[in-house]
Each structure stands twice: as structure tokens, then as C-alpha cells.
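Enquirer: Sharing a structure below in C-alpha cells format, with a few things to ask.
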Amino acid sequence: MHKLAGVPREYDWGSTTHIQDVLGVPADGRPLAEFWFGAHPTGPSPLLPAGDDAATLEELIAADPVGALGERVTREFDQRLPFLMKFLAPGQAVSLQVHPSPENAVAGFNREEAAGIPIDAFHRSFKDTNHKPEMVFAITDFEGLVGFRPLEEIVALLGRYDHPILQWCHRELAAEPTPAGLRECLRALVELGTSDVEAIVDEARTSAAEGRSGAAAHATVVELAATYPGDAGAVASLMLNRIAFAAGECVFVSSGTPHAYLRGLAVEIMANSDNVFRAGLTSKYVDVEGLLDNVAFSVVPVDLLEGEETAAGVRVLRPDAREFQLTSVTIEGAERVEVSGSGPRIAVCVEGRVQVRAAGGDEAVELELAPGEAVFAGDTDGDLRMLGTGDVVMASVPMARRH
């Protein structure tokens, strides 16, 4: 078992306080958007204390894949940690985006490699060969746009605008309420020019102020346009569900689902990937065709994951993903909490102070975690025992599903 250092990401949409408050560091006015724990090659977590043969989690796993990952995970995921865990702290909207399917990720990565596009190039879309389903576990109240609204809602909202392009979308989607119709509607909205966006935002502002039907959706357009003036992503939000969930609640976002997180603090767990296609609400590279080619044009209800309480204070959330699951652990006072498991695990303390003890191996190891600190437990570490007072969120690989 090893203590991990987080890898900060200071993207411009990040909160200036949320992650800083968890880490107990002074806010300096700069945004801190994400804080990574994992082995992704673009940001592997350093091991603490420094000075061991392996400097990062990526190197630790490469040195002994079976010991770190277990035989099954080593075999199924090509000797790599299959998930990435992070604090996610949007202070404003995170780009309207989608992540590719496994097949598209492999094909796209190989295509950009063959084209000689540097991995850190501004216009590079595929950073690896993985898809990127993800799960967001709220630490504070959290808001986002996730998935398409029901078709009848989209048609009704678009029909309340006089702008000719939205009127065209209204007629087309009403006549063809199919995936093809959704695709053409989304394309029309994300390709809007600045003057068209401004005219539509003016209409949205009036509708929201007068409390017309769909006022919340119109207000979202105005809210996003205030941060990203002239950006077509603000208008495209009319097609998406706006969801709000409280601390301790969790949402799963599958590959192909369009989304844009808005505000709050969460722990995010995903397949070990950094592949993103953006179509608005961003200063980063916008790839409309890439987004359209990777969106799943279907309307699927967005439900909170309830999870299963497997022991007192232990709740396991299992999404429809083979790479990861999440365990939420609450430790109170002198009660020791047993968290059984195997394979690779990353446990992050989000509140309080907790001691984590590994039951496996010849010599038991115990590490203390303060908020924002994390440990990596390998397969040979066996079950984990937690003591203290606080809350821990742990990522792990689910057991193989039976067919």
C-alpha cells in the first residue's frame, strides 16, 4: 500500500476554492479544476514518500503488474490500471462534450498517431485508446447538463423561439423524432454563428424573465451565455437535461452521452482515459464533427445510482462499466470498518482523518489520511481496515460479471 500525491489541473473553468478547501491550502485566486489520482501517462500520481525505485503509480504497476493489479485485471486490461480518479471542481460550465466508444477510441488514436499529430497538440482529440464512461459522486451540491431531454420537451422548447434556425429545428425534429433528427438538430445548434447566438439569447432572456413555459431551460441559456458570450453551446443546452444532486448522490455518464458539468465539488471516477470531443462552452479545441460522430443519439433517463449497503457505513455503487465501481465509506469514532476487496484500489479521504490498514502481505501497513490525501492498495494488500472519523471514497475494479 502506498500513499499518493494528487496531480493538479488548473483549467480556466475550475473553482478557486473547492479543492483548495479540501486540501487545506490557501486560495490564491487561481482556478483548480481537477486533482488526479491514478496512472494515466499524461499525469501519473507520484508515490509518497519520494525516493523509492518507482517514482509514480504508473512505474509501480509496470514493475509488478500482477502484484499491483491481480491476475485477472492484468490480463483483461493489458497490465494497466483501468480507472482514473479525481476531484472535479467546476466553478463555471465545463465544456459541452462527449467521450468516444471503445472502437472509436482505438481507431481515432491510431489515425492521429499515423498522421504524426503530437500527443499534446492543441487539435489532438485522442490521447489514448480507451473509451471514457464516468461516474460523478457529489461532495457538495452539484449541477450539470447530462443526456438529451425527452424528444417532446426539446420540440416544445425550440418551438417557443422565433429565430428561423430554431424554428427549422422545431419543424424537422417534430417531423423526424429519431436519432437522425436529433443529430441534425444538434448540428444546427452547435454550428450557430455569434450573431445568431446573441439573438437567441435575447429571446431566452425575455422568456425567462416573463416566466414562460420552460423558463428554467431559457434561464440556463442566459446563464451560460453570460460566461461564454456568443458561444453556441449555450443554445445547445436547450436539448439537454439539467440535473442537480446533493452530497452523497451519484450519477453515471456512459460513453456517447453529451454532458457539461456546471458547478460544485465531486469525486469523479472514469475509465483511464483523457479522450474528449468538445462542441462549445470552452476555450479548448472544438471538434463539431468529432462530437457528432461520437454522440449516442438516444434519449435515456438520467437516474441516480442508489448503491448497495454491504456493511455498516459501507455503500457500493456499481455502474454499467467493467473498469470501475465506487465504494463510499463513513467511519465514526472507535468503530473499525472492514472493506473487503482485491485488485487495485485508490481510496481518497474527503473529510475527517482516517487510518487505513492493509490486511494482506507479510507485514501489515497502516497509513493515515487527511482530507485530499489518497492511498493505492494493490491486489496483494488484501482487505482494508479503516479507523478514525471521516468519509472515504474508494475506486476499484468490479468482479467479473457472470454471463
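The values are calculated or read from the model by the stated rules, or taken from the named source; none is laboratory data. Quantities reported herein were computed from a predicted structural model and do not represent experimental measurements. No Cβ is skipped: glycine too gets one built from the backbone with ideal geometry, and neighbour counts run over all protein chains shown.
Enquirer: Of all residues in the range 9-25, which are in a loop (DSSP other than H, G, I, E, B) and under 14 Å from E373 (Cβ atoms)?
Expert: Listed by number, the residues that qualify are G24, V25.
Enquirer: Moving on. What about P150, is it closer than 27 Å to D303 by Cα and modelled with pLDDT under 95? Don't jump to the end; show me each part of the working.
Expert: Values: closer than 27 Å to D303 by Cα: yes; modelled with pLDDT under 95: no.
For P150, the condition - closer than 27 Å to D303 by Cα and modelled with pLDDT under 95 - is not met.
Enquirer: List the pairs whose first member sits in the range 149-175 and is of a type in the set (S, T, N, Q), whose second member is surrounded by fewer than 17 Cβ atoms within 10 Å (Cβ to Cβ), and whose Cβ atoms are under 8 Å apart, counting only residues at least 6 apart or on separate chains?
Expert: Close Cβ pairs satisfying both conditions: Q167/G159.
Enquirer: Please state which one of G248, G159, G181, G230 is touching a helix residue (DSSP H, G or I) at 6+ places or on another chain (Cβ under 7 Å) and at positive phi.
Expert: G230
Enquirer: So if I check each of D120, D52, D128, which one is in a loop (DSSP other than H, G, I, E, B) and either over 25 Å from the mean Cα position of the chain (by Cα) or at pLDDT 90 or above (or both)?
Expert: The unique qualifying residue is D52.
Enquirer: Select the strands (runs of 3 or more DSSP E) contained entirely in the range 254-302, then report the ones holding at least 2 residues which are at pLDDT below 90 and not charged (D, E, K, R).
Expert: Passing ranges, in order: 277-280.
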